[in-house]
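The values are calculated or read from the model by the stated rules, or taken from the named source; none is laboratory data. Since the structure is predicted, the reported quantities are computational estimates derived from the model, not experimental observations. Counting neighbours? That spans all protein chains shown, and the Cβs are built from the backbone with ideal geometry, glycine included. The area values use the complete protein model at the heavy-atom level, side chains included, leaving out ligands, DNA and RNA. Shrake-Rupley method; radii C 1.70, N 1.55, O 1.52, S 1.80 Å.
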Amino acid sequence: MATNTLPRTGPASARRTTVFLKMVMAVSGALFVLYVLLHMYGNLKIFSGVEAFDHYAESLRTLLTPILPVGGVLWLLRALLIVSVVAHVWAAAQLWRRANGARSNRYFAKEAARAALTSKAMRWGGIALLLFVIWHLLQFTIVKFNVGPDAAAGNSVGALVISSFQVWWVALIYLLAMIALGMHLYHGVFSASQTLGWSTTAKARARARATATVIALVVAVGFILPPLAILFGIVKGN
């Protein structure tokens, strides 16, 4: 009787697909980290005053003109960011589905249980950050609605920022979102180093954790400083 001697490729194919999804998350996450670092640097311009902040915002709109139309670079960056976020969310959703399916297999049960808390925090934290990004874009870019005391703040980006963060609950939302971002960045940067093969030894893992910690703290603290400084009256409008 003839027997089928072909190797079983199902598990190997699944592993390759999982590695691909993790690579998508690592690369898209790296682009997002670069973006938030640049955005954080720009936000710190508010410490130089409303006029300096508005000048910075306008310089972004006119960057590379007349080669590109006004706002062209910003739209290119936004398009790249949207593609990265969509790819990141898609890969995360696929890995989430695979993880849920793996929990029914006793072979993966122990490993899944160990990673469940961290994974759930990352997933729900990511969803919360996505909702915050939508709110943030509506408030400061798309609609530019002002919930603060300065009625004329919509005429100036810097004045809108200061007026908005004078409201305690707006500052609180931002603060909680930045804490979530810091936690997400820490886990994401460390996971990316594992996916890319940069933490194969104990020393490399320690270095990766240290790098993830520094990036998470720099980004979170850098984003938190402006709203807190505005809320407590350290930074004021003109």
State yes or no: is Ser156 crowded, with 19+ Cβ neighbours inside 10 Å, within 20 Å of Trp124 (Cα to Cα) and of a type in the set (S, T, N, Q)?
no
What do you reckon, is Phe223 touching a residue at least 12 places away in the same chain (Cβ under 8 Å), among the hydrophobic types (A, V, I, L, M, F, W, C) and over 18 Å from Leu131 (Cα atoms)?
no
Residues being modelled with pLDDT of 90 or more and closer than 19 Å to Val189 by Cβ: count how many of those fall in the range 109-148.
0
Only residues that are surrounded by fewer than 16 Cβ atoms within 10 Å (Cβ to Cβ) and within 22 Å of Val219 (Cα to Cα): list them for the range 45-73, please.
Phe47, Ser48, Ala52, Leu60
Quick one: Ala151 ticks every box in (1) at pLDDT 85 or above; (2) open to solvent by 40 Å² or more (accessible area, probe 1.4 Å) bar one, so which box is it?
(1)
Within the range 194-238, track down each residue that is surrounded by 14 or more Cβ atoms within 10 Å (Cβ to Cβ) and within 16 Å of Leu34 (Cα to Cα).
Thr211, Ala212, Thr213, Ile215, Ala216, Val218, Val219, Ala220, Gly222, Phe223
Please find, within the range 8-41, the residue that is farthest from Val89 (Cα to Cα) out of those that are modelled with pLDDT of 85 or more, among the β-branched types (Val, Ile, Thr) and open to solvent by less than 60 Å² (accessible area, probe 1.4 Å).
Val36
Scan of the range 211-238 for residues that are of a type in the set (Gly, Ala, Ser) and part of a helix (DSSP H, G or I), ordered by number
Ala212, Ala216, Ala220, Gly222, Ala229
Can you report the number of residues in the range 160-199 which are assigned to a helix (DSSP H, G or I), hydroxyl-bearing (Ser, Thr, Tyr) and without any contact (Cβ under 8 Å) to a residue 40 or more places away in the chain?
3
Gly71, sole failed condition from (1) within 26 Å of the chain's Cα centre (by Cα); (2) over 29 Å from Ile179 (Cα atoms); (3) modelled with pLDDT under 70:
(3)
